[in-house]
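Written below as structure tokens is the structure these notes are about.
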Amino acid sequence: MVRFFNMSKEKRESLCNHLKDQTNYLLDNAEDTVEKVEHYMDEYRAKDENAWIDKLYVLKKMFKNLYGSEKHYLL
């Protein structure tokens with residue numbers, strides 16, 4: 001949150017617009033989105049119960065795939 005509020009107003013608006021556009025795209029293509037999420041959840045469940053770092057990596061990949069862009073807003 002600190003990074004977000006330290007961004008310029010233009011960058012914050014750009015990030016919010018990107019998130020809105022990508023969410024609308026995912027909703028418009030719901031069947032494909034569900035298949036992608038199911039793929040990642042299967043990979044997540046396949047990890048050992050105590051493999052938290054591996055599970056977090058799977059979730060990171062999923063969100064990067066669903067919401068990623070060429071522009072790195074929060075880095």
(request) Filter the stretch 40-56 for residues that are more than 14 Å from the chain's Cα centre (by Cα), loosely packed, with under 13 Cβ neighbours inside 10 Å and either assigned to a helix (DSSP H, G or I) or aliphatic (A, V, I, L, M) (or both) and give the result. (result) ASP42, ARG45, ALA46, TRP52, ILE53
(message) Testing LYS20 on (1) surrounded by 12 or more Cβ atoms within 10 Å (Cβ to Cβ); (2) within 14 Å of the chain's Cα centre (by Cα), one condition comes back false. Which one is that?
(response) (1)
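Every number in this text was worked out from the coordinates using simple rules, so none of it is lab data. As the structure is a prediction and not an experimental result, all values here were calculated from the model. Cβ: placed from backbone, ideal geometry, glycine included. Neighbour counts: every protein chain shown.
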